[in-house]
Amino acid sequence: MKDKRILIVNDDGISSPGIKILYRIALSISRDVWIIAPETEQSASSHSLTLHRPLRIRKLSSRKYAIDGSPTDCVYLGFKKILKSKLPDLVLSGINYGGNLGEDLSYSGTVAAAMEASLSGVLGIALSQEYADGKEINWKTAEKWAPRIIKKIVQDDWSSKVVFNVNFPDITYAKVKGIQVTCQGQHHARDLYNERVDPRGRKYYWIGASERALKKGKLGTDVRAVYDNYISITPIDMNLTNKNIINKMKKSFR
């Protein structure tokens, strides 16, 4: 992979610790590594494109750019503008500050950036490091395990229509029990909101008072794997059709 072009993106912003770690990982795999990431944190931005205001690209170095938009904007403008003469062979998104498990996938800008790569026919891998509030983040766990996971996924030559969502448990790298290939699970953890009153006496609402208690989840799911101290790899299909009920619906709407 030394000559493969890798694009790094995230949703925590261009200055986040996770993207610096992912850059080191990518450089251990390839000589041709680029960073195109949001100027500021864009967590829970999902698969959003900025349509109603202009976007600006700020060049930080020969292969490092910041964009004042979403993770999807970064991949889109990366492909259409910055890297249009030679598209990347691989997009790595992360390493996210916190897991992207279960229902989180619907909100995750980290996963959405990998999805945007897939829409253009480029393999996308999202990587996230679980953590516990008030404790030091085990970034070394992701840094030690990610290279072999990335190399193995690329080596097996999967379709670019599949996105891989990788989550590392909140333990030291030596205590990881192994790797599990999982389904998307459910942990029923929802961000809470606070109702407050501004100085003029008007109510306002602040979404994001995080409820970070990690749920156990069902066996075979990403939630359970990480809970049990395994690394979870979930292949995500970009086709959202519920194939289990499509024939039943066809009969119902005859």
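Taking packing as the residue-averaged number of other Cβ atoms within 10 angstrom, the listed peptides 216-226, 233-243, 121-131 run from highest to lowest as 121-131, 216-226, 233-243.
Binning the alpha carbon pair distances of segment 80-164 at 10 angstrom intervals from zero yields the distribution 17, 44, 31, 8, 0, expressed in whole percent. Along its principal axes, segment 33-184 has C-alpha extents of 45, 38, 31 angstrom, given from the largest down. If you take the square roots of the eigenvalues of the alpha-carbon gyration tensor of segment 111-249 and sort them as a ≥ b ≥ c, do you get rounded (a/c under 1.5), prolate (a/b over b/c) or oblate? It is oblate, given that a/c is not under 1.5 and a/b is not larger than b/c. Just in segment 28-89: which trypsin sites (Lys or Arg not before Pro) are loop by DSSP and have at most 12 other Cβ atoms within 10 Å? Passing both the DSSP loop test and the Cβ count: Arg31, Arg56, Lys84, Lys86. Counting every alpha-carbon pair across the chain, the share separated by more than 31 Å comes to 26%.
With contacts taken as Cα pairs under 8 Å and at least 6 residues apart, the chain reaches a relative contact order of 17 percent.
Summed over qualifying helices (DSSP H, 4 residues or more, each -39500 (n - 2.57)) and divided by its residue number, the chain shows a 222 nm mean residue ellipticity of -7000 deg cm²/dmol.
If you plug the beta carbon distance of Ile179 and His52 into 1/(1 + (r/R0)^6) with R0 = 41 Å, you get a FRET efficiency near 0.45. Approximating the spin labels as points 7 Å out from Cα along Cα→Cβ, the Leu87-to-Phe253 distance works out to 3.1 nm. Here the peptides 103-113, 39-49, 14-24 are ranked by packing, the mean other Cβ count within 10 Å, and the order with the highest first is 103-113, 14-24, 39-49. Using only side-chain charges placed at the Cβ, +1 for Lys and Arg and -1 for Asp and Glu, the dipole size of the chain relative to its Cα centre rounds to 560 debye.
Every number in this text was worked out from the coordinates using simple rules, so none of it is lab data. Keep in mind the model is a prediction, meaning the values are calculated, not measured. Counting neighbours? That spans all protein chains shown, and the Cβs are built from the backbone with ideal geometry, glycine included.
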